[in-house]
Amino acid sequence: MINKLIAQTLPYFPKKFVWIFSKKYIAGETIEEAILASKQLNDKNITVTIDLLGEFIKNIDEARENKNDYLKIIEHFEKNNIKGNYSLKPTSFGLLIDKDICFKYILEIVAKAAEHNNFVRVDMEDSSCVDLEIELYRKLKAEYPKNVGLVVQAYLKRTPSDLEKLMDLHSDEFPLNYRLCKGIYVEPKEIAFKDPAKVNEMYLKNLEYLLTNKVFVGIATHDKKLIEGAYEIINKHNIPKEQFEFQMLYGVTPDLRKSIIDKAYSMRVYVPYGKEWFGYSTRRLKENPKMASHIIKSLFVR
Ligand code: FDA
């Protein structure tokens, strides 16, 4: 109840107040701040994936601006020798307005990353985007088989079938590369599992399917039970360390993160930054009121 109330009223709070909790989860507003945060993570043996905030644009002109910003980011990050890659949300490039323009712009970004032998991860957004994002991924992978990956969501009932269908894109030379997460959006029960235990069961089922089929997986979670479950699968099937990495969000569960690094597993942190942090924070909160308890905590723990 209190979570829901905070989630609904937060967009009307002064920006400065919202920043008190947001700053823990966002690297800053500028490229310089994102580079600094990334360097600090690199120093701890953590790679990064950079995300420029700003999703679900209303006007297609914003798509070109976002594309140009990403091209600039790639230049800056490569010049600064940051150990990391790039994540993006297709709705920032107009996926739901004009999917051809969206494809054209993201292709340009992937081409730029490929020039540096680097990689772009296509984030998975809400269920209205899933078919379009899979289609987009197929087209991008056809052009740049080594330089692009997709996110898949364990809570969606369709995911096991999507994973099977997408295996036609997999080969030893150009393996598929996914980030597996639970899924953050509020979806209807007809299409998404709601029971947290069922979501975890599906997460581990999908993980085992992918790892035993030689797909690269970014194991994206802060859930201790899932991390333990992942260790079991990795040990049971002797999965080589090059075939997976763990991934976490900036500022979340740093102690758990360290415990994974101490086991000599690879860790990548998702680093969101940009001027759109206010919309991102409040939107995320509306999507997932459970976040409010983290916010209350961060008001006290600085
Ligand atoms: P769970 O939500 O159960 O969290 C486990 C514990 O972690 C909590 O009890 C809490 O202690 C801590 N925790 C989790 N989130 C926290 C937060 N925000 N602040 C503070 N503490 C927190 N989703 C999606 O739909 N599309 C996507 O593309 C991505 N991309 C993505 C990238 C990366 C690197 C990560 C880690 C996650 C995503 N997600 C995502 C989000 C994902 O789907 C999921 O909503 C969150 O990771 C939370 O789920 P957990 O698996 O961490 O478990």
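The values are calculated or read from the model by the stated rules, or taken from the named source; none is laboratory data. The shown structure was predicted, so the numbers you read here are calculated from the model rather than taken from an experiment. Heads up, the Cβs are rebuilt from the backbone with ideal geometry, glycines too, and the neighbour counts pull from every protein chain shown. Quick note on the areas: whole protein, heavy atoms, side chains included, nothing else; ligands and nucleic acids left out. Shrake-Rupley method; radii C 1.70, N 1.55, O 1.52, S 1.80 Å.
Before moving on, here are some points about what is shown:
- Sparse-neighbourhood loop sites, GluC sites (Glu not before Pro) in the stretch 190-282 - DSSP loop, at most 12 other Cβ within 10 angstrom: Glu190
- The chain, helix-only ellipticity at 222 nm - DSSP H runs n ≥ 4, -39,500 (n - 2.57), divided by all residues, nearest 500: -15500 deg cm²/dmol
- Charge dipole of the stretch 29-273 about the Cα centre (unit charges at C-beta), most positive-ward option of Ala192, Leu226, Leu88: Leu226
- With both labels modelled 7 Å from their Cα along Cα-to-Cβ, the Asn59 to Val186 distance reads 2.9 nm.
- Sorting 63-69, 22-28, 183-189 by their mean Cβ neighbour count within 10 Å, with the most densely packed peptide first, gives 22-28, 63-69, 183-189.
- Counting 0.36 nm for each residue step from Lys205 to Lys236 and taking away their Cα separation leaves a gain of 9.8 nm.
- Our summary gives the chain a relative contact order of 27 percent, counting only alpha carbon pairs under 8 angstrom and 6 or more residues apart.
- Counted residue by residue at 0.36 nm each, then reduced by the alpha carbon distance between them, the extension gain from His76 to Asp126 reaches 15.0 nm.
- The stretch 153-202, relative contact order [Cα under 8 Å, separation at least 6], %: 57 percent
- The residues of the chain present an accessible area of 49 Å² per residue when probed at 1.4 Å with all protein chains retained.
- Cα-based radius of gyration of the chain once divided by 2.2 N^0.38 Å, which approximates compact folds: 0.96
- The stretch 47-62 - phi-based ³J(HN,Hα) in whole Hz, Karplus 6.51/-1.76/1.60, Gly and Pro as x: 7, 10, 10, 9, 10, 7, 5, x, 10, 6, 5, 9, 10, 5, 4, 5
- Gain on full stretching of the segment that runs from Asp100 to Glu228 - 0.36 nm per residue minus C-alpha separation: 41.9 nm
- Taking 7 Å steps out from each Cα toward its Cβ at Arg158 and Asn213 produces label points 1.7 nm apart.
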